[in-house]
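J.: Sharing a structure below in structure tokens format, with a few things to ask.
The values are calculated or read from the model by the stated rules, or taken from the named source; none is laboratory data. Predicted model only: the values in this text are computed from it and were never measured. We place every Cβ from the backbone using ideal geometry, glycine too, and count neighbours over all the protein chains shown. Accessible surface areas use protein heavy atoms only, side chains included; no ligands, DNA or RNA. Shrake-Rupley method; radii C 1.70, N 1.55, O 1.52, S 1.80 Å.
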Amino acid sequence: MSELSGRPDLRSAAGELDAADGLAALRARFVLDDVTYLDGNSLGALPADVPARVEDVVRRQWGELRIRSWEESGWWTAPERIGDRIAPLVGAASGQVVVGDSTSVNVFKALVAAVRMAHEDGRAAGDGPVRDEILVDATTFPTDGYIAESAARMTGCALRPVTPAEVTGALGGRTAAVLLNHVDYRTGRLHDLPALTAAVHAAGAYAVWDLCHSAGALPVGLDEHGVDLAVGCTYKYLNGGPGSPAYLYVRRDLQPRFDSPLPGWNSHAEPFGMRSAYAPASGAVRGRVGTPDILSLLALEAALDVWDEEGVSVAAVRAKSLALTDFFLRCVGAYVPDGRVESVTPAAHAERGSQVALRCDDAGEVMKRLIERGVVGDYRAPDVLRFGFTPLYVGFADVERAARVLARTLAG
């Protein structure tokens, strides 16, 4: 690398790409500074309209209306209302997504409910196979594995970790449910949701998908591909804020059979009847548990307003995401000395999420120095630098600068 200040052709290319970017104006909808922020796959940037909306919730809805806001401000119906706003971003029709609780809690609900439906299928068949095994993505984010292990013990199932590539061969008559990640959190690999879902169904089992690293960044197609159950967080590419509530998708035809292991008063058919016996509500409401976290919910609702802008679509976001990650890999290839880093993110678009992961021997220290120099990504042990690209506010000049600073940092 002969010029750490940046090669003119790449800097010019970045400027041309930014000038042609149909989503570039959205950057003004977020609170940003001179830092190159490439960690939206962990925590999205703050949408500029959120603080005023939250202030209204606190000062007027809570401060003045108080208890009346459950009805007058729509607090009570927020989990379903906001779920319907997320639904088109994951390819779902209305009435199938409910927002609330954490991703971990929703994984537990979905996985146990999936096993219970599989057991119910076996009883209905009379002499059907005993479905006593759960397959879980062996490369999953650790919490999903912890939850799956607990769900297996609770339902009397064996837990079998397999990689997504091994799922089809591992499926069988004993499989009750399969828990998979749409995008690998460490490498950014995008797994084949349509094909894997079809294989799970062909084996007579239920598919549960974790969409944390795909929703808001790329098409999912839950309805189109017949996914049974799905969960996801809202603080990454949906920019809902730290700890913003997760969501649960229950396919419409499965909703009457969705038997939550966490039945709460909010999912009761008569929540204010205060009955001692539980009777589940109809529809996606069955996925609710307790009192909604209103402050976080309504901050998320405000954050989703950006998707109402003309020209903003999941397809447009996906196209820019691929262009950003392509350009980053091009810049890294031009600026960084050969052999210093290795991309572990697939080059093929069909296998790539919205992040690039680079293997680097001293990744932890490198990321620390990058952050000090104004390029924020993150590090995953033992040797992975992760850079997340949120197309709503990341531009091509950001990408070029990040690669250039990475090269300077690696040079010492």
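J.: Report the residue count in the stretch 280-310 for those that are within 15 Å of Leu26 (Cβ to Cβ) and either in contact with a Gly (Cβ under 6 Å, 6 or more places away or on another chain) or among the β-branched types (Val, Ile, Thr) (or both).
T.: Of the residues in that region, 2 qualify.
J.: Does Leu229 satisfy being under 18 Å from the mean Cα position of the chain (by Cα), farther than 28 Å from Pro164 by Cα and crowded, with 18+ Cβ neighbours inside 10 Å?
T.: No: the conditions fail for Leu229.
J.: Here's another thing I want to ask about it. Could you list, ordered by first residue, the pairs with Cβ atoms under 6 Å in which the first is in the stretch 5-32 and without any contact (Cβ under 8 Å) to a residue 24 or more places away in the chain and the second is not basic (Lys, Arg), at least 6 apart or interchain?
T.: So the pair list comes out as Val31/Leu46; Val31/Ala48.
J.: Only one residue in Pro194, Pro142, Pro164, Pro219 is under 20 Å from the mean Cα position of the chain (by Cα), surrounded by fewer than 24 Cβ atoms within 10 Å (Cβ to Cβ), under 23 Å from Ser260 (Cα atoms) and of a type outside the set (A, V, I, L, M, F, W, C). Which one?
T.: Only one candidate qualifies: Pro142.
J.: Name, by its number, the condition in (1) in contact (Cβ under 8 Å) with a residue 60 or more places away in the chain; (2) farther than 26 Å from Ala319 by Cα; (3) open to solvent by 80 Å² or more (accessible area, probe 1.4 Å) that does not hold for Arg66.
T.: The failed condition is (1).
J.: Filter the stretch 262-290 for residues that are closer than 27 Å to Ile147 by Cβ and surrounded by fewer than 12 Cβ atoms within 10 Å (Cβ to Cβ); which is nearest to the chain's Cα centre (by Cα)?
T.: Ser282
J.: A further question follows. Taking only pairs six or more apart or across chains, which ones have beta-carbon atoms under 6 Å, a first residue in the stretch 227-245 that is over 21 Å from Gly353 (Cα atoms) and in a loop (DSSP other than H, G, I, E, B), and a second residue that is among the polar types (S, T, N, Q) and open to solvent by less than 10 Å² (accessible area, probe 1.4 Å)?
T.: Close Cβ pairs satisfying both conditions: Ser244/Thr234.
J.: For the stretch 274-297, enumerate the residues that are farther than 19 Å from Ile67 by Cβ, of a type outside the set (Ser, Thr, Tyr) and part of a loop (DSSP other than H, G, I, E, B).
T.: Scanning the stretch 274-297 gives Arg275, Ala277, Ala279, Ala281, Arg288, Val289.
J.: To continue, here is another question. Select from the stretch 104-132 the residues that are open to solvent by 20 Å² or more (accessible area, probe 1.4 Å) and in contact with a Ser or Thr (Cβ under 8 Å, 6 or more places away or on another chain) and list them in ascending order.
T.: Answer for the stretch 104-132, where residues must be open to solvent by 20 Å² or more (accessible area, probe 1.4 Å) and in contact with a Ser or Thr (Cβ under 8 Å, 6 or more places away or on another chain): Ser104, Phe108, Arg116, His119, Arg131.
J.: Can you list residue pairs whose Cβ atoms sit under 6 Å apart, with the first residue in the stretch 179-192 being among the small types (Gly, Ala, Ser) and the second being open to solvent by less than 30 Å² (accessible area, probe 1.4 Å) and part of a strand (DSSP E or B)? Count only pairs 6 or more apart in sequence or on different chains.
T.: Pairs that qualify, where the first residue is among the small types (Gly, Ala, Ser) and the partner is open to solvent by less than 30 Å² (accessible area, probe 1.4 Å) and part of a strand (DSSP E or B), are Gly188/Gln355; Gly188/Ala357.
J.: I've got another one for you. Under 6 Å between Cβ atoms, which residue pairs at least 6 apart in sequence (or on different chains) link something in the stretch 321-342 that is in contact (Cβ under 8 Å) with a residue 24 or more places away in the chain and buried (at least 16 other Cβ atoms within 10 Å of the Cβ) with a partner that is part of a helix (DSSP H, G or I) and of a type in the set (D, E, K, R)?
T.: Cys331/Glu400; Tyr335/Arg404
J.: If only one of Ala78, Ala125 is farther than 24 Å from Val289 by Cα and of a type in the set (A, V, I, L, M), which one is it?
T.: Matching residue, one of Ala78, Ala125: Ala125.
J.: Ala198 - would you say it is farther than 24 Å from Gln355 by Cα, part of a helix (DSSP H, G or I), in contact (Cβ under 8 Å) with a residue 12 or more places away in the chain and among the small types (Gly, Ala, Ser)?
T.: Criteria met by Ala198.
J.: Continuing with the same structure: State all residues of the stretch 291-301 that are among the small types (Gly, Ala, Ser) and surrounded by fewer than 21 Cβ atoms within 10 Å (Cβ to Cβ); if no residue qualifies, say none.
T.: Within the stretch 291-301, Ser296 is the sole residue that qualifies.
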